[in-house]
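Reading through the structure tokens given below for one structure.
The values are calculated or read from the model by the stated rules, or taken from the named source; none is laboratory data. Bear in mind the structure is a predicted one, so any value in this text is a computation, not a measurement. Counting neighbours? That spans all protein chains shown, and the Cβs are built from the backbone with ideal geometry, glycine included.
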């Protein structure tokens, strides 16, 4: 049995706090205001530490679907890398970036995300990876019955816009990856930050969704089975994406450190198991109970798309 623990939206804060000179007069000031008004009241560092430790202990592969940092500050990058390094000795770690990890054009152009997290984006099929500012994507790890494929949907956006974009070149590279013999004999596990479904309105999608979600789903239409994992929404969800020969399980993980009364939202991680033949054996979550610091099993029932 191959076990995958899925966490997302860590929003790691720098231990020394935020330097005002780093956030004034750029998009970070809106993110900082959001942290003070909302995230600062629900983010619990102790929850994050508990989730990381428990997820790594129960998995062969720990996947992180973006928003590892909160404002792409150097101190946040360093602290997030330290936290991931601590659990990487227990389970292998794979990451993809989220919009909060590529917060500003300068961060994008200076390639700060791959500078800090390249160890967790190494690919077994590097010939297919594009040299993107966010890192080498698609990244591919061939592990037992799984082909873990990382995509980047993170691009810098104006204030109040958090939408993502995969792009034609990366989608074409993904199609080539999916046709590779080492991938076709395994179950694809695709990682991305933004939701692969269309938003209720095109404007909503352009502001906070995946702009080319339709194109991504098109590339995946030839798969008979697989997992498509994402974050960004801060709520646990499980949908089925029908394809020509079968269907994919599409799963969202909540934000790992959240303190919230709803079990679908509160701190925890998703846990998936693949049998040796690649079939999906189980899809569920582990949700933290703050009073006891224990993790309770949580079902991930399929919702209507």
Applying the selection to region 78-113, what residues are surrounded by fewer than 22 Cβ atoms within 10 Å (Cβ to Cβ), touching a strand residue (DSSP E or B) at 6+ places or on another chain (Cβ under 6 Å) and assigned to a helix (DSSP H, G or I)?
79
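Tell me, yes or no, whether region 156-169 has at least one residue that is part of a strand (DSSP E or B), in contact with a helix residue (DSSP H, G or I) (Cβ under 7 Å, 6 or more places away or on another chain) and either in contact (Cβ under 8 Å) with a residue 24 or more places away in the chain or under 22 Å from residue 231 (Cβ atoms) (or both).
Let us first name the residues in region 156-169 that are part of a strand (DSSP E or B), namely 164.
Remaining after also requiring in contact with a helix residue (DSSP H, G or I) (Cβ under 7 Å, 6 or more places away or on another chain): 164.
Of the ones still in play, those that are also either in contact (Cβ under 8 Å) with a residue 24 or more places away in the chain or under 22 Å from residue 231 (Cβ atoms) (or both) are 164.
There is at least one residue in region 156-169 that is part of a strand (DSSP E or B), in contact with a helix residue (DSSP H, G or I) (Cβ under 7 Å, 6 or more places away or on another chain) and either in contact (Cβ under 8 Å) with a residue 24 or more places away in the chain or under 22 Å from residue 231 (Cβ atoms) (or both).
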Note on residue 191: of the conditions (1) under 22 Å from residue 280 (Cα atoms); (2) surrounded by fewer than 20 Cβ atoms within 10 Å (Cβ to Cβ); (3) in contact (Cβ under 8 Å) with a residue 12 or more places away in the chain, unmet is (2)
Please work out which one of (1) surrounded by 14 or more Cβ atoms within 10 Å (Cβ to Cβ); (2) more than 19 Å from residue 63 (Cβ to Cβ) is the condition residue 220 fails and give its number.
(2)
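Filter region 202-217 down to residues that are without any contact (Cβ under 8 Å) to a residue 24 or more places away in the chain and closer than 26 Å to residue 121 by Cα and give me whichever is surrounded by the fewest Cβ atoms within 10 Å (Cβ to Cβ). Break it down stepwise before answering.
Step one: filter region 202-217 for residues without any contact (Cβ under 8 Å) to a residue 24 or more places away in the chain, giving 202-204, 213-214.
From what's left, closer than 26 Å to residue 121 by Cα: 213-214.
On the way: 213: 21, 214: 12.
Here the answer is 214.
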Exception for residue 199 within (1) farther than 20 Å from residue 148 by Cβ; (2) more than 15 Å from the chain's Cα centre (by Cα); (3) surrounded by 20 or more Cβ atoms within 10 Å (Cβ to Cβ) falls at (3)
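Might you let me know whether region 234-246 holds any residue that is in contact with a strand residue (DSSP E or B) (Cβ under 9 Å, 6 or more places away or on another chain), surrounded by fewer than 16 Cβ atoms within 10 Å (Cβ to Cβ), more than 30 Å from residue 83 (Cα to Cα) and modelled with pLDDT of 95 or more?
Quick first cut of region 234-246, residues in contact with a strand residue (DSSP E or B) (Cβ under 9 Å, 6 or more places away or on another chain) only: 234-242.
Then drop every residue that is not surrounded by fewer than 16 Cβ atoms within 10 Å (Cβ to Cβ), which leaves 235, 240, 242.
Narrowing further to those that are more than 30 Å from residue 83 (Cα to Cα): 240, 242.
Applying the additional criterion that residues be modelled with pLDDT of 95 or more yields 240, 242.
Looking for residues that are in contact with a strand residue (DSSP E or B) (Cβ under 9 Å, 6 or more places away or on another chain), surrounded by fewer than 16 Cβ atoms within 10 Å (Cβ to Cβ), more than 30 Å from residue 83 (Cα to Cα) and modelled with pLDDT of 95 or more, one finds at least one in region 234-246, hence yes.
Sort out for me the strands (runs of 3 or more DSSP E) sitting completely within region 204-305 that have 2 or more residues that are over 17 Å from residue 193 (Cβ atoms). Break it down into steps so the answer makes sense when it comes.
Values: elements: 227-230, 237-242, 247-252, 268-274, 280-289, 294-299.
Ranges flagged: 237-242, 247-252, 268-274, 280-289, 294-299.
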